Amino acid sequence: MGELIVIRHGQTEWSLSGRHAGRTDVGLTGAGEYTARTLAPRLAGRHLAAVFSSPLSRATRTAELAGLTDAEPDPDLLEWDYGGYEGLTAEQIRASRPGWDLWRDGVIPGDADHPGEQLQQVAARADAALDRIRPLLSGGDVAVVAHGHLARVLAVRWLGLDASASRLLGHPHPGTLGFLATEDGQPSISAWNIP
């Protein structure tokens, strides 16, 4: 059985400044493009049965630069819709909501383009993606190019844990890889946040 390779898109101006970029289509920085290119040799030797990507340009461009030119856009791999917190840093949010924690407290509604999404809705999308991916792993590895918070939810749902356990997994840095596997018939994380 193949591994599920989880790739976080390369650096953007918003990831660099710590701003929450859910559905806003923020492009890669020069450093983000460079990092995405460095993934290509690492992925070249893998037998990929399928490749999926968030439809946002930061993910599709990362896929392209990493040599994953046949990535199929999958809306279930979109980042968390941060609603009224879109574009804000955690510090800015905590200024008006002391002690705020995304995993515990969620988001507030935003405008029509950013209505907001609760953790269980993100988990449902991750589950839907995993339901499509699991059967493909019998034919080799499957790569997904997605986003930081979504990647964490995807990983804990792979393990069969409640989505709230995502807070226990380190936030993947831009342009890094995670490997979700099975060991003795049980789901496992074989590597995480690998440059």
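We did not get these values from a lab; they are worked out from the coordinates using the rules stated. It should be emphasised that the depicted structure is a prediction, and the values quoted were computed from it without experimental measurement. Reconstructed Cβ throughout: ideal geometry from the backbone, glycine too, with neighbour counts over all protein chains shown.
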Can you name the residue in the range 17-35 that is loosely packed, with under 14 Cβ neighbours inside 10 Å and either under 30 Å from Gly140 (Cβ atoms) or touching a residue at least 40 places away in the same chain (Cβ under 8 Å) (or both) and, of all such residues, is nearest to the chain's Cα centre (by Cα)? Gly18
When both residues are 6+ apart or on different chains and their Cβ atoms are under 6 Å apart, which pairs have a first residue that lies in the range 181-195 and is under 19 Å from Arg134 (Cα atoms), and a second that is surrounded by 13 or more Cβ atoms within 10 Å (Cβ to Cβ) and of a type in the set (Phe, Trp, Tyr)? Pro187/Trp158; Ser190/Phe179; Ala191/Phe179
Which condition breaks for Met1 when tested against (1) part of a loop (DSSP other than H, G, I, E, B); (2) over 19 Å from Arg125 (Cα atoms); (3) touching an Asp or Glu at 6+ places or on another chain (Cβ under 8 Å)? (3)
Scan (1) closer than 20 Å to Ala21 by Cα; (2) part of a loop (DSSP other than H, G, I, E, B); (3) out of contact with any Asp or Glu (no Cβ under 7 Å at 6 or more places or on another chain) for the single condition Pro98 breaks and write down its number. (1)
Sole exception among (1) over 25 Å from Arg132 (Cα atoms); (2) within 18 Å of the chain's Cα centre (by Cα) for Thr38, by number: (2)
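Conditions tested, residue by residue: (1) in contact with a Leu (Cβ under 9 Å, 6 or more places away or on another chain); (2) surrounded by 14 or more Cβ atoms within 10 Å (Cβ to Cβ); (3) of a type in the set (S, T, N, Q).
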| site | (1), (2), (3) |
| --- | --- |
| Ala143 | yes, yes, no |
| Ala146 | yes, yes, no |
| Leu154 | yes, yes, no |
| Ser166 | yes, yes, yes |
| Pro172 | no, yes, no |
| Gly185 | no, no, no |
| Trp192 | yes, yes, no |
Picking from Pro135, Pro75, Pro115, the residue that is exposed (fewer than 15 other Cβ atoms within 10 Å of the Cβ), over 21 Å from Thr12 (Cβ atoms) and in contact with a helix residue (DSSP H, G or I) (Cβ under 9 Å, 6 or more places away or on another chain) would be Pro115
So which pairs qualify, if the first residue must be in the range 70-87 and free of Cβ contacts under 8 Å to residues at least 24 places away in the same chain, the second must be assigned to a helix (DSSP H, G or I) and of a type in the set (A, V, I, L, M, F, W, C), the Cβ gap must be under 9 Å, and the two must be at least 6 apart or on different chains? Asp70/Ala63; Pro73/Ala59
Going through Arg97, Arg125 one at a time, which residue ends up being in contact (Cβ under 8 Å) with a residue 40 or more places away in the chain, under 24 Å from Ser15 (Cα atoms) and of a type in the set (Lys, Arg)? Arg125
One residue is enough: does the range 108-120 have a residue meeting the conditions touching a residue at least 40 places away in the same chain (Cβ under 8 Å), over 15 Å from Arg19 (Cα atoms), outside any loop (DSSP other than H, G, I, E, B) and polar (S, T, N, Q)? yes
